[in-house]
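Working notes, beginning with the structure itself.
Where a number appears in this text, it was derived from the coordinates with a stated rule and is not lab data. Please read all numbers here as calculations on a predicted model, not as lab measurements. Virtual Cβ from ideal backbone geometry, glycine too; neighbours counted across all protein chains shown.
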């Protein structure tokens, strides 16, 4: 039994924010006498200052942003603990972002101190940004190592408790049955259609290569945001709601048992769409009710859809029937 | 939406399929505006003839519960409430009861007309 890497990864994500706040405070206190009354707080693309604020307001904003993001990333690292691969990436991004911000703020304070009085004269070299990104990248590498290896086996997803255990649908021997339902959101296909329309307009007015940047994601969104889920003598079949292809089928002979359960798309599967992770794969279009079929390989195949209990019960009955037929 | 049919029962398969949809609308598991699988898909799922399924769907269209669009499949109409589906069921029960009593179609219609004018 390996220790959970979550506490360590929370530190990797959030500690740089605290350190950065400390560094900014120390820099401010040591340069205080030489800083202008109004600090240059933002640098335009030409390297000269284009926004100014009092030191107090500036520091309050910086501390708020740093601590806020530190807390946010600590929370996210905790929240996504059942997907260790993504947890590691999140921790490193959170820590790296704090390093970059801290570096830039310290450099900005020093640039303010260097002009000796008039913040309008503040110049800021682009190299500072390059060095800042480099520092963030170095921290990213160190943080990646500090995060530790992903645990080989995550205990069966804690949120995925079965709401119904292997019920059967009472069918007479002569009866045939099938279950079918649309799954997915209504907003995503609408968004996809808007994207397609925008793509068409861009294509006509600005040329098709530019239009494709909107047409391709729009098409994918329309195609994959809604799905028809069918349970029948052929097992579970999932197809896009608007097209008969691509078709994903898990035949009855590969299914040992089905149940209805609740899934959290992000926490259990790290996102939406066709998801595959060790021990489970499936079509996850939203969080909530889902059919979960235990396969002969021991893995789970999951499809999020309403009325999953009926579908799971039918699936169990059909699989029983198939086994009884000596299939 | 659960379709279940029994080929060994005396009731025509198309009628059984219509009964499944009516029941699903009546118990609220299928709502107005919902799209049902196409007749072709249902036929493949159940292993029956597509025209059998279409007959069931057409019956539901005649009852005002389903809208059939070429190439767009079958959509439950806006008027198809649970009460409306129950009413269609009652109409079928009335007809089968009348037939069992040996009434002709004309006599059944006359009976309904008499209720309408009397109401």
The stretch A:162-324 - convex hull of alpha carbons, volume per residue in Å³:
114
Roughly how tilted is helix B:13-26, in degrees to the nearest 10 and between 0 and 90, from the longest Cα axis of chain B?
90
In the stretch A:229-257, which residues have a backbone nitrogen under 16 Å from the label point lying 7 Å from residue B:40's Cα in the Cα-to-Cβ direction?
A:239-247
Distance in nm between pseudo-label sites at residue B:105 and residue A:213 (7 Å out along the Cβ direction from Cα)
6.5
Just subtract the alpha-carbon distance of residue A:51 and residue A:33 from 0.36 nm times their residue separation and send over the number in nm, one decimal.
4.4 nm
Choose one answer from B:47, B:73, B:106: the residue with the largest mean-square fluctuation in a GNM of chain B with alpha-carbon springs under 10 Å.
B:106
Give me the percent relative contact order of chain B, please, defined on Cα pairs under 8 angstrom at least 6 residues apart.
25
Need one number: % antiparallel among DSSP beta bridges in the protein assembly as shown, to the nearest 5.
95
Can you give me the distance in nm between label points at residue A:172 and residue A:294, each placed 7 Å from the Cα along the Cα-to-Cβ direction?
3.2
Residues of the stretch A:82-125 with amide N under 13 Å of a point placed 7 Å along Cα→Cβ from residue A:65
A:97-109
The stretch A:189-240 to the stretch B:65-97: how many Å between their Cα centroids?
32
Sort out for me the Cα centre separation of the stretch A:285-304 from the stretch A:64-92, rounded to whole Å.
27
Give the separation of the Cα centroids, the stretch A:103-132 to the stretch A:245-262, in Å.
60
Label-point separation in nm, residue B:9 to residue A:245, each point 7 Å along Cα→Cβ
3.8
Segment residue A:127-residue A:200, length gained on full extension (0.36 nm per residue, minus Cα span)
22.1 nm
